[in-house]
Amino acid sequence: MKSLFRFYTMTKELDAQSPYQDIDSVGKEILFMVGNARLHNQLIGVSDILRQQELASPATLHARLKQLRDKGFIEILPGEDNRFKYLKPSALALDYFHQLSKFLKKSAQLS
């Protein structure tokens, strides 16, 4: 249990730093969905995110996508035709995931 709370403390410290401090829980959930799609070599579209109404309303989801793009966490890529747009984690997002992975390994070693 000690490792869990150590990991929690480290992630809170990271999230308090710029540029991560402005991402709320909905934004983080979207970011993890985009990162997970990349991990599995899948494309996730804007429309896939907007359908996640258990997270928030479509308007809120759209606003978080815009915020993540404006802050440099995701890139929006055009699809085969202009009706579809796909999401890709940026280098900044990949660095965030890398930091979290390091914290997870470090906290597990402390047990």
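Derivation of every value follows stated rules applied to the coordinates shown; laboratory data play no part. What you see is a predicted model, and the numbers here were worked out from it, not measured in a lab. With ideal geometry, Cβ positions are generated from the backbone for all residues, glycine too; neighbour counts draw on all protein chains shown.
Observations
- Against the chain, whose longest principal axis is taken from its Cα atoms, helix 25-39 shows a tilt of about 80°.
- Lys/Arg +1, Asp/Glu -1 at C-beta; the range 31-85 dipole; positive extreme among 32, 72, 84: 72
- Between residue 43 and residue 1, the FRET efficiency from the beta-carbon distance, with R0 = 30 Å, is close to 0.20.
- Helix axis angle, 2-15 relative to the chain longest principal axis, alpha carbon, degrees: 50
- Lys, Arg +1 and Asp, Glu -1 on Cβ, resulting dipole of the range 7-87 about Cα centre, debye, nearest 20: 100
- Between 95, 48, 81, the GNM of the chain built on Cα springs shorter than 10 angstrom shows 81 fluctuating the most.
- 16 Å Cα-Cα reach of residue 102 towards lysines, excluding residues that sit fewer than 8 places from it in its own chain: 12
- Placing unit charges on the Cβ atoms only, positive for Lys and Arg and negative for Asp and Glu, gives the range 44-101 a dipole magnitude near 160 debye about its Cα centre.
- In the distance distribution for the range 2-109, Cα-Cα pairs more than 22 Å apart total 35 percent.
- Per the Kirkwood formula applied to alpha carbons, the range 1-46 shows a radius of gyration over Rh ratio, Rg over Rh, of 1.09.
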